[in-house]
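Contents: one structure, followed by commentary.
The values are calculated or read from the model by the stated rules, or taken from the named source; none is laboratory data. Computed from a prediction, not measured in an experiment: that's the story for all the values here. Counting neighbours? That spans all protein chains shown, and the Cβs are built from the backbone with ideal geometry, glycine included. All accessible areas refer to the heavy atoms of the entire protein, side chains included, with ligands and DNA or RNA removed. Shrake-Rupley method; radii C 1.70, N 1.55, O 1.52, S 1.80 Å.
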Amino acid sequence: MKKLKTLSIYISSYRIWVLTLLGIDLFFAFLIWAVCPNNFVSYIGLILLVLFLVIVIPLNISIRKYHKADIIFKNFLSDPSEVNEYLLTETVPIVFHSYINELGNHLRKQQENLNDQKVKVSDFESYIENWVHEIKKPVSLMTLLLDNRKNEMSNMVHQRMLYVRDQTRQDIEQILYFSRLGATHKDYYFEKISLKSICQESIEDNRTLLEEAGFSINYSGNENVVVSDKKGLMFILGQVISNSVKYSTKKEIPILSFSIMESQNEENILLSISDNGSNIPESDIPFVFDKGFTGNTGSYLSRSTGMGLYLVRKMANDLSIDVEIKNNSYGGVTIILFFPKVKNSLRR
């Protein structure tokens, strides 16, 4: 089938020459019929044989050259070196040599620019990771001072300093995970995790932020176990909690509720995280996971950088978790994480 397709392409490409040969043969056939009508059948058979050989032999040679040129062209696209450019020019007519040379120069220039960009991106990622590790030192020192010099500070100052530390830690983790999302190798370690336990651990990690905002925490549902990467899941929960704190309102006591259940088709385990803060405009909901999206002026997202929920979706995709977000009728939003059920036991 492929050979027939290639043959039809070549016949179509050289149809002007094929039609010219057919026209010449018809003309000679007419002359033979006019001059030697008695030997017309013998001569016409010879003409058809010559026509067949004149078409088939060059066509066969062209197809072989096409396959060779196709391989060389693909090699040239993947590596537009001067050697591959020369090999490609040897397989095409001279009239195309200048075009191939121009294409080769363009591809080599683009390859150089791409290599430069790769180096810059790699240097930037290294710088960000080094910066994150360096900035952790003063954060650790702040923690040490807050633990050991608590008696020298008023409760309000101590609480505010804890708040600043935890907020700084959240921002550092966001930068670190953002720089790692594009990495080729990601050191995820999938293990069995209790959803309720990891939610409680995430609350403890962000307790200062929640206490500063006066949050009340609720849990409901079963003690379900999922298979996931603990660090990645902790990052997702931390970003969701941070958003709830950021968009809490002063109208009533802020509440953060965790609910765990199985889906109706029993194929997923659902973790719903709800708050009673600000709603998201319905027109913004389809775009809240887009990079840099901050919504309309005065909306739920107008104070954000547009990175938190974007990173949540990216990390969730890496961990095979589906994410949905919706408004609550009583105010605030609910973020739902869909964990696939893993029926087979893990093997280490």
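A few points about this structure:
- For the stretch 270-296, residues that are open to solvent by 20 Å² or more (accessible area, probe 1.4 Å), without any contact (Cβ under 8 Å) to a residue 40 or more places away in the chain and either of a type in the set (Gly, Ala, Ser) or touching a helix residue (DSSP H, G or I) at 6+ places or on another chain (Cβ under 6 Å) (or both) total 6.
- Of the listed requirements (1) surrounded by 12 or more Cβ atoms within 10 Å (Cβ to Cβ); (2) modelled with pLDDT of 75 or more, residue 25 misses just one: (2).
- Residue among 78, 62 that alone is out of contact with any helix residue (DSSP H, G or I) (no Cβ under 8 Å at 6 or more places or on another chain), among the hydroxyl-bearing types (Ser, Thr, Tyr) and either without any contact (Cβ under 8 Å) to a residue 60 or more places away in the chain or open to solvent by 90 Å² or more (accessible area, probe 1.4 Å) (or both): 78
- Some residue of the stretch 138-145 being in a loop (DSSP other than H, G, I, E, B) and surrounded by 10 or more Cβ atoms within 10 Å (Cβ to Cβ): no
- With respect to the conditions (1) farther than 29 Å from residue 292 by Cα; (2) under 32 Å from the mean Cα position of the chain (by Cα), residue 152 lacks only one, and its number is (2).
- Restricting attention to the stretch 219-258, the residues that are of a type outside the set (Asp, Glu), open to solvent by 30 Å² or more (accessible area, probe 1.4 Å), within 16 Å of residue 197 (Cβ to Cβ) and in contact with a strand residue (DSSP E or B) (Cβ under 8 Å, 6 or more places away or on another chain) add up to 7.
- Count - residues of the stretch 266-289 that are under 14 Å from residue 326 (Cβ atoms) and charged (D, E, K, R): 3
- Some residue of the stretch 290-303 being assigned to a loop (DSSP other than H, G, I, E, B) and either in contact with a strand residue (DSSP E or B) (Cβ under 8 Å, 6 or more places away or on another chain) or modelled with pLDDT of 90 or more (or both): yes
- Breaking point among (1) exposed (fewer than 12 other Cβ atoms within 10 Å of the Cβ); (2) at pLDDT 75 or above; (3) over 21 Å from residue 92 (Cα atoms), for residue 35: (2)
- Taking residues in the stretch 32-46 that are in the same structural domain as residue 22 (by the TED database), and partners anywhere that are of a type in the set (Gly, Ala, Ser) and open to solvent by less than 60 Å² (accessible area, probe 1.4 Å), the pairs with Cβ atoms closer than 7 Å and at least 6 places apart or on different chains are 44/29.
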